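In what follows, a single structure is set out as structure tokens and then discussed.
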Amino acid sequence: MARKKKLKFQRSKIHEWGLVALEPIEAGDLVIEYVGELIRRKVSDFREKKYEAMGIGSSYLFRIDDDYVVDATKHGGLARFINHCCEPNCLTKIISPNCLTKIISVEGQKKIVIYSKRAIAPGEELTYDYKFPIEENKIPCFCGADRCRGSLN
Ligand SMILES: C[S@@+](CC[C@H](N)C(=O)[O-])C[C@H]1O[C@@H](n2cnc3c(N)ncnc32)[C@H](O)[C@@H]1O
Ligand SMILES: [Zn+2]
């Protein structure tokens, strides 16, 4: 099993809180799993509206596929602090139970696992591309990358 990477959340230049590496990470390493409550899409749509009404500005809902979403709002891990970047240093993989045995223990459900795309130095903020669907109502992106697309969606 891969050893857990040393990470910490701190204030970010991109948006409020971000997750930072505390040790060097090699390209292709397993960085962290995005943990939270596994819920159905319908429940997630309902909660999204509820969270908006409650003024929870940051979305901690991670869509796995058409049917399932991981909600890290109330019962989430550190990965929920990872911000979006248009030129990210990490990527996300949805891992099916049958490919999981070597990586993490499993109770027969899909997992969201975050890997490094390139070597990451201590102190660097971790980012991945949220790949939000294109919408008319744009969320401005502050990732600061040379090729920033200007919005998350
Ligand atoms: C999962 S949270 C990330 C952690 C967040 N920074 C926090 O403090 O809780 C996702 C939210 O962070 C904000 N965010 C993430 N990346 C961003 C970016 N590149 N530009 C602007 N806002 C971003 C958006 O509001 C997004 O819905
Ligand atoms: Zn950007």
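Okay, here's what the table says:
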read-out	value
Cα lying deepest toward the dipole's positive end in the chain, options Leu22, Pro88, Pro140, charges on Cβ	Leu22
Average silhouette area of segment 36-76, convex hull of alpha-carbon atoms, in square nanometres	2.4
For the chain, diffusion coefficient by Stokes-Einstein and Kirkwood Rh (Cα), 10 °C, 1.306 mPa s, µm²/s	98
Förster radius 25 Å - calculated FRET efficiency between Ala119 and Arg147, Cβ distance, rounded to 0.05	0.80
Anchor Lys138: lysines whose Cα lies under 24 Å away (excluding residues fewer than 8 positions away in-chain)	Lys13, Lys42, Lys49, Lys50
Of all accessible heavy-atom area on the chain, the percent that carbon and sulfur account for (1.4 Å)	52
Cβ-based net charge around Arg47, under 13 Å, with every Lys or Arg adding one and every Asp or Glu removing one	+2
Solvent-accessible heavy-atom area per residue, rounded to whole Å², over the chain at 1.4 Å	63
Ordering of 135-144, 83-92, 6-15 by packing [mean C-beta count within 10 Å, highest first]	83-92, 6-15, 135-144
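The values are calculated or read from the model by the stated rules, or taken from the named source; none is laboratory data. These numbers come from a predicted model, not from an experiment. So basically every Cβ, Gly included, is an ideal-geometry build from the backbone, and we count neighbours across all protein chains shown. SASA here: full protein model, heavy atoms, side chains in, ligands and nucleic acids out. Shrake-Rupley method; radii C 1.70, N 1.55, O 1.52, S 1.80 Å.
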